[in-house]
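A short write-up of the structure that comes next.
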């Protein structure tokens with residue numbers, strides 16, 4: 001019997017009672033197996049015309065767009081939901097994927113990260129190594145993601161380096177953010193064509 005791992009907690013999950021869908025026992029998230037990608041089309045041999053011209057009978061180019069939540073390939077980039085994890089598409093411009101949950105950041109809406117009950121995500125960031133007001137993250141009008149670390153005891157870490165309190169540092173897709181030495185998040189930055 002095949003098991004699927006939850007993108008949020010990485011827990012292996014078995015199919016539901018009908019055998020056709022998977023549900024994360026921890027999060028209740030509906031999981032579906034990722035579609036198997038077809039082999040990419042062969043490159044057109046040199047001298048047979050410009051590469052931009054479609055070859056009659058050739059399969060359409062595959063999408064390289066990925067889901068913001070599970071990072072699976074999207075077979076239909078115009079879909080409203082991911083077929084693998086059922087996440088709403090398109091995703092937020094910035095999302096921080098912690099082991100215990102995801103924080104979504106929309107353009108023009110800065111988010112304060114910390115364990116203070118005054119912060120919106122204190123339940124996700126409840127570890128003692130996270131300060132009450134640890135850092136702020138936001139997305140600017142050009143869809144660039146940023147972080148401004150606070151003056152914390154345990155520090156804010158990015159790409160293995162401790163960040164200077166008060167500095168503004170750009171976040172990039174795939175970065176690993178550390179709040180103190182124990183709490184980690186994978187950074188997902190979405191960029192859409194203008």
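Of note:
- Every residue from the stretch 133-146 that is closer than 18 Å to residue 100 by Cα and surrounded by fewer than 17 Cβ atoms within 10 Å (Cβ to Cβ): none
- Answer from 165, 149 - the residue that is more than 16 Å from the chain's Cα centre (by Cα), closer than 18 Å to residue 111 by Cα, modelled with pLDDT of 95 or more and crowded, with 19+ Cβ neighbours inside 10 Å: 149
Residues checked against (1) surrounded by 19 or more Cβ atoms within 10 Å (Cβ to Cβ); (2) modelled with pLDDT of 75 or more; (3) in contact with a strand residue (DSSP E or B) (Cβ under 7 Å, 6 or more places away or on another chain):
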residue	(1), (2), (3)
58	no, no, no
73	no, yes, yes
79	no, yes, no
82	yes, yes, no
85	yes, yes, yes
93	yes, yes, yes
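- Among residues of the stretch 175-194 being under 21 Å from residue 77 (Cα atoms) and under 8 Å from the mean Cα position of the chain (by Cα), the one that is modelled with the highest pLDDT is 187.
- The numbered conditions (1) surrounded by fewer than 16 Cβ atoms within 10 Å (Cβ to Cβ); (2) over 20 Å from residue 164 (Cα atoms) are all true for residue 121 except (1).
The values are calculated or read from the model by the stated rules, or taken from the named source; none is laboratory data. Small disclaimer: the values here were computed from a predicted structure and weren't measured. In this analysis, Cβ positions are derived from the backbone assuming ideal geometry, glycine residues included, and neighbour counts consider all displayed protein chains.
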